[in-house]
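**Student:** Got a structure for you, written out below as structure tokens; questions coming shortly.
The values are calculated or read from the model by the stated rules, or taken from the named source; none is laboratory data. This is a predicted model, so every value here is computed, not measured. Neighbour counts run over all protein chains shown; Cβ positions are idealised from the backbone, glycine included.
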Amino acid sequence: MGQNPQRTVRAVTLEQVEPDYATEFVPRPFSLTPAELGGLPATLASEPTSVRAWVRFPAVASHVYGLALAWTPRAVYVEWEDGGVHRAWVWAPAVERAAVNQSAAVPTPPRPQVNAMTVRDTQSLVELINAQLTQCGAEFVTSMAQPAGPFGAVVFGSIEGHGVRLEFFIEPATNMCAVHLFDMTAKKVLVERVTAPTFPEAIEAYPWDVAINTLDLI
């Protein structure tokens, strides 16, 4: 894992997540504001880290067990379980790694079952992409796949001799799935990412013909 590139996103794109309480009134924890996050990029954890964090509520502060999903030099994006899954930004000094015996005694917050993403899933997604590329007279040939933090995966390969990579990513705040094609030679995205509720829908909506035409012009 040491050689896998760590993915970064704008911290403000990792929004607060709260359970659906319907009409029930439940105090919400505070998450740092965009101004407090300071426009910094956030590094996504290759593997979520077990932590203890102080989370502020309107009247109290709660010391929770959870997972660090991402961080900046000043803040940590933490997920914890309390009547549902919560995610919020807290100040970095309020977070510490959980001791092994502590984290083992506390259940890990359940990961969302919808749109879960692993490297193993990329094989079937590449097959769906090749079904689309066949209509353009092209084919993606896989060379290797690797995780890109807890929310995505990258598949390296080629199309007609051009080195490219497929990027699959789940927007953590919305669980929307995104896919796009990146040209390794020109170092640019061929067509901006398309998002949809599922990866098959995102793949179907992606303009593969435009991407292939752009690749041929480079």
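**Student:** State whether the residues of the stretch 52-69 include one that is β-branched (Val, Ile, Thr) and in contact (Cβ under 8 Å) with a residue 40 or more places away in the chain. Walk me through how you get there before you give the answer.
**Tutor:** We begin by selecting, within the stretch 52-69, every residue β-branched (Val, Ile, Thr); these are 55, 60, 64.
Restricting the remaining residues to those that are in contact (Cβ under 8 Å) with a residue 40 or more places away in the chain gives none.
There is no residue in the stretch 52-69 that is β-branched (Val, Ile, Thr) and in contact (Cβ under 8 Å) with a residue 40 or more places away in the chain.
**Student:** Condition first: within 15 Å of residue 160 (Cα to Cα) and small (Gly, Ala, Ser). Now tell me which residues in the stretch 187-218 satisfy that.
**Tutor:** Once the filter is applied, which keeps residues that are within 15 Å of residue 160 (Cα to Cα) and small (Gly, Ala, Ser), the stretch 187-218 yields only 211.
**Student:** Restricting to the stretch 160-218, count the residues that are free of Cβ contacts under 8 Å to residues at least 60 places away in the same chain, closer than 18 Å to residue 147 by Cα and among the acidic types (Asp, Glu).
**Tutor:** Residues that pass the stated criteria total 1.
Rundown of residues vs (1) in contact with a Gly (Cβ under 7 Å, 6 or more places away or on another chain); (2) of a type in the set (D, E, K, R); (3) more than 17 Å from residue 154 (Cβ to Cβ), yes/no style:
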residue: 171; (1), (2), (3): no, yes, no
residue: 176; (1), (2), (3): no, no, yes
residue: 200; (1), (2), (3): no, no, yes
residue: 204; (1), (2), (3): no, yes, yes
residue: 212; (1), (2), (3): no, no, yes
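**Student:** Taking the conditions exactly as written (outside the structural domain of residue 180 (by TED's automatic domain parsing), on the phi < 0 side of the Ramachandran plot and at pLDDT below 85), does residue 58 satisfy them or not?
**Tutor:** So residue 58 fits the description; yes.
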